[in-house]
Amino acid sequence: MEWLAGLQRSFERRRVERGACKDAVAAREECLANYGAESSLCTRLKLAEKRCLAEHLCPREFLQFYGGTKPCANIVEKFCNDEDEEGESGQSIPKRCRWASYALGDCLHKYA
């Protein structure tokens with residue numbers, strides 16, 4: 001029955017991609033077509049798409065990663081921006097944020 005659960009998740013992802021997140025998905029696809037995967041603009045658009053998908057597909061993990069007074073998203077996504085690659089030496093991602101990031105990625109992976 002795992003195949004049935006996988007099929008249901010696949011349909012749910014398509015529903016979200018065509019509904020609530022359609023603008024984020026379209027912007028990311030257009031950017032990749034025009035500028036390629038290495039573009040910092042496309043990286044930001046991929047993160048925006050991830051945020052939208054997470055909000056609708058993984059609400060518990062979304063709150064762990066994007067919620068709170070010091071959202072892990074701000075800390076982790078800082079490492080994804082080209083401008084911030086040369087930040088303070090020795091700076092690392094807090095353990096709580098690594099776990100929140102892993103949980104969110106694991107949840108989203110189920111919908112891939």
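Odds and ends about this structure:
- Cβ-based exposure ranking for LEU47, LEU53, in which fewest neighbours within 10 Å come first: LEU47, LEU53
- 3J(HN,Hα) along the stretch 32-40, derived from phi through the Karplus expression 6.51 cos²θ - 1.76 cosθ + 1.60 where θ = phi - 60°, amounts to 4, 5, 8, 10, x, 5, 7, 5, 5 Hz, with x in place of Gly and Pro.
- Footprinting exposure proxy for THR43, THR69 (fewest neighbouring C-beta atoms within 10 Å first): THR69, THR43
- Cβ-defined net charge surrounding HIS109, 13 Å radius [Lys, Arg +1; Asp, Glu -1]: +2
Every number in this text was worked out from the coordinates using simple rules, so none of it is lab data. All values derive from a computational prediction rather than experimental measurement. Because the Cβ atoms are built from the backbone with ideal geometry, glycine has one as well, and the counts that use them run over all protein chains shown.
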